[in-house]
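Student: Please see the structure below; I have some questions.
Read-outs throughout are calculated quantities, based only on the coordinates presented, and are distinct from any laboratory measurement. Everything quoted here is computed from the prediction, not taken from an experiment. FYI the Cβ positions are ideal-geometry reconstructions off the backbone, even for glycines, and counts take in every protein chain you see.
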Amino acid sequence: MTVAIIPARGGSQGIIDKNLQSVRGVPLVVRAIRSCQDAFTIDRVYVSTDSERIAQVAESHGARVIRRPRDLATHTSSSEEALLHALEEIPDATTVAFVQATSPFIGFRDLDKAVKMVGAGDYDVVFSGVSHHSFRWEETDSGWRPVGHTMESRPRRQDLPKTVIETGAFYVFSRNGFLQAKSRFHGSVGVVQVPHRDALEIDTPEDLQMARELAVHTDTRQTPWPLDAIVFDFDGVHTDDFVYVNQEGSETVRVKRGDGMGIKMLKDAGITLLILSTETNPVVQARAKKLGVTALTGEDDKAKALVEWMDKNTIDPARVAYVGNDVNDTGCLEMVGWPIVVQDAHPDVKLLARLTLESPGGEGAVRELADLVLHAKAKDKR
């Protein structure tokens, strides 16, 4: 049996809660779980962690959890120690894919290729690498000196020795070989060369920002399902974010009738709905009453209000969509399984979204989401 083991400790030095940080609205540990689940050659997916939060997230996305002792989850603990502990609880594993959550773009086909290379006996260990064709220099006591070339004779770049760099994304090996060597590297070693995009590894906040920006342009459009509830910001989602003020100071807003139909369709489908807004203007409650939807207004701390609402209604955050448009939606977007933004959302929150709608706020975004959800629900029933 081939198993994937994803070590994901709770502490991190460079980025707080690194393994739970999201890229395209999906926590890093969940992205790793999904890559393993998509691989045809992997039978089970395990997450080794000392964090209850990570354990809950992993289990809610179909992974099995191995509770790692705290003394094996410090910043000085090795991955080998975590793997040895995990394998004690998986006696029927024969081949192991050691997968790192800090690599957000792991291709499942590359995982399959590595598992097959080990399974066929071609290599004892196969790791993910990216081709390297740069002129390298190393620092010495007397200064910098070239590696693989000389200062007097610089070959053409294409004539440099063929080398690869470990991406750190995955390593595949046999259980027995690993237990004997106590190391991920032993025996004959092979490599699966992955695209440079897939080689990105997150160690710093800059790496995380780069991954989020890259994902916006390269991740495929995802269908929001399964869902139990959808929570909407009001201004900028149900409206175009403009407000009309008359000479008495009264404010009115503009909404789209088609969005109202979208709300009706979602309600008829049994989706729980909520409007959550910092706005105190009675227009929000008036619109919510017209739509037959609960509204929480005047909420300065929207994230806290959302947590309390989900707890009160016993709703799993992983099965909640939040639809927002601006930076005050950040906390809510980061805590749900489906962070969604409208097309004209602020660039900073677009980086947090799992789905960016094609419609701007107040111009059919709600109806667009309703159509996507109901289509996915109908497809799921087939």
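Student: Have a look at 27, 282, 155 and tell me which one the Gaussian network model of the chain (Cα, springs below 10 Å) gives the largest fluctuation.
Tutor: Sorting by GNM fluctuation, first place goes to 155.
Student: Also, quick follow-up: For region 229-381, give the magnitude of the charge dipole about the Cα centre (Cβ charges: +1 Lys/Arg, -1 Asp/Glu; no others), in debye to the nearest 20.
Tutor: Dipole of region 229-381, to the nearest 20 debye: 840 debye.
Student: Tell me whether region 1-109 comes out rounded, prolate or oblate; compute the Cα gyration tensor, take square roots of the eigenvalues as a ≥ b ≥ c, and use a/c under 1.5 as the rounded threshold.
Tutor: Oblate shape, in that a/c is at least 1.5 and b/c is the bigger or equal ratio.
Student: Label region 299-358 by shape, choosing from rounded, prolate and oblate, from the square roots a ≥ b ≥ c of the eigenvalues of the Cα gyration tensor; if a/c is under 1.5 it is rounded, and otherwise prolate applies when a/b is larger than b/c, oblate when it is not.
Tutor: oblate
Student: Less than 15 Å Cβ to Cβ from residue 251, Lys/Arg counted +1 and Asp/Glu -1: what total charge do the surrounding residues give?
Tutor: Spelling it out: positives minus negatives among the neighbours equals -3.
Student: Still on this model: Would you give the gap between the C-alpha center of region 176-191 and the C-alpha center of region 32-94, rounded to a whole Å?
Tutor: If you average the Cα positions of each part, the centres end up 19 Å apart.
Student: OK, next. Hey, what angle do you get for helix 282-291 against the long axis of the chain, alpha-carbon based, 0 to 90 degrees rounded to 10?
Tutor: 80 degrees
Student: Please rank 1, 335, fewest neighbouring Cβ atoms within 10 Å first, as an exposure proxy.
Tutor: 1, 335
Student: Within a Cβ distance under 11 Å of residue 232, other residues only, what is the Lys/Arg minus Asp/Glu net charge?
Tutor: -3
Student: So, one more: Most mobile of 190, 270, 292 per a Gaussian network model of the chain (Cα springs, under 10 Å)?
Tutor: Largest GNM mean-square fluctuation: 270.
Student: Related question: Of 21, 222, 100, which is the most mobile in a GNM of the chain whose springs link Cα atoms less than 10 angstrom apart?
Tutor: 222
Student: For region 134-193, state which trypsin sites (Lys or Arg not before Pro) are in a DSSP loop and have at most 10 other beta carbons lying within 10 Å of their beta carbon.
Tutor: Hits after loop and neighbour filter: 156, 162.
Student: When 225, 144 are ordered from fewest to most other Cβ atoms inside 10 Å of their Cβ, what list results?
Tutor: 144, 225
Student: Just in region 216-311: which trypsin sites (Lys or Arg not before Pro) are loop by DSSP and have at most 11 other Cβ atoms within 10 Å?
Tutor: The qualifying sites are 221.
Student: If you rank 332, 36 by fewest surrounding Cβ atoms within 10 Å, what's the result?
Tutor: Ordered by Cβ neighbours within 10 Å, fewest first: 332, 36.
Student: Which value, to two decimals, describes the C-alpha radius of gyration of the chain once divided by 2.2 N^0.38 Å?
Tutor: That ratio works out to 1.17.
Student: Where does the charge balance sit around residue 309 when Lys and Arg score +1, Asp and Glu -1, over other residues with C-beta under 11 Å from its C-beta?
Tutor: Residues near residue 309 contribute 0 overall.
Student: Does region 229-381 classify as rounded, prolate or oblate by the C-alpha gyration tensor (a ≥ b ≥ c root eigenvalues; a/c under 1.5 gives rounded; else a/b over b/c gives prolate, otherwise oblate)?
Tutor: rounded
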